[in-house]
Amino acid sequence: MSSEEEKKNTMTSGIGDYLATELDHDNAKLADMGYVPELKRNFSLWTLLGIGFALTNSWFGISASLVTGISSGGPIVTVYGIAWVAFINGCVGVTLSELASAMPNSGGQYYWAHELAPKEWANFLAYLAGAIGWAGSVFTCSSVALAIGSGLMGMIQINNPDLVIERWMVFVAYQLFNFVAFLFNCYGRALPTIGSAFMYISLASFTIITITVLVKASPKQNAKFVFANFQNETGWESSVIAFIVGLINPNWSFSCLDSATHLAEEVANPERVIPIAIMGTVAIGFITAFSYSIAMFFCMNNLSELVATPTLVPILELYRQATGSVSGATGLEFLVCLTGLGCQIACHTWQARLCWSFARDRGLPGSRYWSVVDKRMGIPFYAHAMSCTLVAILGVLYIGSVTAFNSMVTACIVLLYISYCIPVVALLIKGRNNVKHGPFWLGKFGLFTNWVLLVWTLFTLIMYSFPFVKPVKPDNMNYVSVVYFVVFAFVLVYWVARGKRTFRTKDEREVAVETRPIHRISSVTSNPSPRD
């Protein structure tokens, strides 16, 4: 063997030993938390960022709701709203990154609450954080399925002008995208590649659409229309309240930042990788969403036609006005829907992991089924299938009441914030310096971001419950308070009836740590996890 070949083999062996050591370290740390490693660490920093950005995908969110906030303040509610919400969610990202860096676990917010809360409250608060977070993830999946289902029907309608879109048609498209995303998530080994591929697709689509619309649209709006035109058509006498209500749309576009934390057991060195993925998602999301919204508003011509479009997709009508072509508009909207499919796939990856990890600690009815990892697929298949089924069922709500469905979309934002707040309150009570810090820890600035999250959550819980317009009628009422009541009622009733007896306690996890055999831990093990 030549010296060059020996050198190459030595390098390859060294890299392999290093990766094995890293995997052993990560899995040993997980075992110290009381869990058996069951998922392969297939994700890298780049593919994890791909999943995180594919899910949040802020420019897609803005595209899906760009014109709906016009009546709540005009273009400035979106332009300045994006900047404000990006700042808020930057603080949320720092908070989640600190906790994920200190305690990387697929349970995310519910595991942190378990570790940080006073012993007498730890179980209940962990259960509450897990249940509310999972509910928020299912509602988010539903909202994304509706956005791309509406886009598909809009493309069909614009090419068939005599077609009148009925709710059942959007419902069928909703179910189609939900099922396709379900299938994509059945191949665990392919998920990292799928995540990074859809990030490229999203960024390419953003670039193509923005440049095309800017080049083709004529005439363009002036800067005053984009940056200084305030229109309050909500019926609210207070322009401030109108502006706040309009913030729901950009806020939805930056939700779901905890997604990377629930892949902590599928990436090497999660205490360093997860914070980079979270903060990278916020940064890319702000740059794309902010520039995209400004470009679209400059190219907006006939606002009344956008609002009254028979496609029910205002951004599609904007594309038609800009390009002067139905086929051109269809092509651009196809890119939006393709990006949305990536978002839906990432949504299902996220909610399945949250459901599985929560079931692993017996937090759900039937946890013995949802906590099983299919070794052939490499995913928690039953948890994935059950969550997707719930998303399909929630689609029925759209047929019954668009207003009620939209209230569920609003609820997904605030429910996720609440689930983040529970471990943060526990952290502040315990004392930030009384926990072992991870590599990502920002000291006093981290404390500031914790308080920003808490204050903003309280603010949105109140203000996002206001009716969108006045006078208030049954078909325009904001029923988000009803959604909160139903979710919390179900969660609390199950806790009292069964959850407080079955949910795995911190003491049980500590016993599992003390009694586990001491040996080298491989990257995947077939040992069963706790069941109910």
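The values are calculated or read from the model by the stated rules, or taken from the named source; none is laboratory data. Predicted model, so just to flag it, every value in this text is computed and none were measured. Every residue, glycine among them, receives a Cβ derived from its backbone with ideal geometry; neighbour counts consider all protein chains shown. When the accessible area is computed, the model is the full protein with side chains, heavy atoms only, and any ligands, DNA or RNA have been set aside. Shrake-Rupley method; radii C 1.70, N 1.55, O 1.52, S 1.80 Å.
Between the residues Ile418, Tyr187, Gly378, the greatest Cα displacement towards the positive end of the dipole of the chain, with unit charges on the Cβ of Lys, Arg, Asp and Glu, is found for Ile418. When the listed pairs Lys119/Lys506; Lys436/Lys500; Lys119/Lys430; Lys375/Lys506; Lys40/Lys375; Lys119/Lys500 are checked against a 20 Å cut-off, the alpha-carbon distance exceeds it for Lys436/Lys500; Lys375/Lys506. Averaged per residue, the stretch 374-449 has 42 square angstrom of accessible surface, using a 1.4 angstrom probe with ligands and nucleic acids left out. Calculate how steeply helix 326-360 sits against the longest principal axis of the alpha-carbon atoms of the chain, using the helix alpha-carbon long axis, and give the answer as 0 to 90 degrees to the nearest 10. Roughly 30 degrees between the two axes. Inter-part distance, the stretch 74-137 to the stretch 246-305, computed on C-alpha centroids, equals 15 Å. Highest mean packing comes first when the peptides 434-443, 182-191, 409-418 are listed by Cβ atoms within 10 Å, giving 409-418, 182-191, 434-443. With respect to the chain, whose longest principal axis is taken over its alpha-carbon atoms, helix 270-298 is tilted by about 0°.
Could you provide, to the nearest whole Å², the per residue accessible area of the stretch 242-369 with probe 1.4 Å? Could the numbers behind the result be given before it?
Details: 3070 Å² over 128 residues.
Solvent-accessible surface per residue comes out at 24 Å².
In the context of the full protein assembly, Asp361 retains an accessible surface of approximately 0 Å², using a probe radius of 1.4 Å and ignoring ligands and nucleic acids. Taking the accessible area of the stretch 188-340, probe 1.4 Å, and keeping the other protein chains in place, the carbon and sulfur fraction comes to 68%. The angle between the Cα long axis of helix 314-323 and the main principal axis of the chain comes to about 60°, on a 0 to 90 degree scale. Here the stretch 120-187 exposes an accessible surface that is 72 percent carbon and sulfur, computed with a 1.4 Å probe and the other protein chains kept in place.
Please compute the net charge surrounding Ala242, taking Lys and Arg as +1 and Asp and Glu as -1 over other residues with Cβ under 13 Å from its Cβ. Please list the in-between numbers first.
Working: positive: Lys470; negative: Glu233, Glu237.
Here the charged neighbours net out to -1.
Across the stretch 364-437, C-alpha contacts under 8 Å between residues 6 or more apart give a mean separation that, scaled by the residue count, equals a relative contact order of 13 percent. For the stretch 347-456, the square roots of the Cα gyration tensor eigenvalues, ordered a ≥ b ≥ c, give a/c of at least 1.5 with a/b no greater than b/c, which places it in the oblate category. Between Ala223 and Val496, the simple label model (points 7 Å from Cα in the Cβ direction) yields a spacing of 6.0 nm. Entry note, the chain: relative contact order of 33 percent, from Cα contacts under 8 Å with a spacing of 6+ residues. Considering only alpha-carbon pairs that sit under 8 angstrom and 6 or more positions apart, the relative contact order computed for the stretch 274-339 is 19 percent. Does the stretch 402-477 come out rounded, prolate or oblate, given a ≥ b ≥ c as the square roots of the eigenvalues of its C-alpha gyration tensor, rounded meaning a/c under 1.5 and, failing that, prolate meaning a/b above b/c? Prolate. Scattering from the stretch 42-509 was approximated by placing one identical point on each alpha carbon and applying the Debye formula without solvent; log10 I(q)/I(0) at 0.06, 0.07 1/Å stands at -0.24, -0.33. Between Phe445 and Phe87, the modelled labels are 1.5 nm apart [label points 7 Å from Cα along Cα→Cβ].
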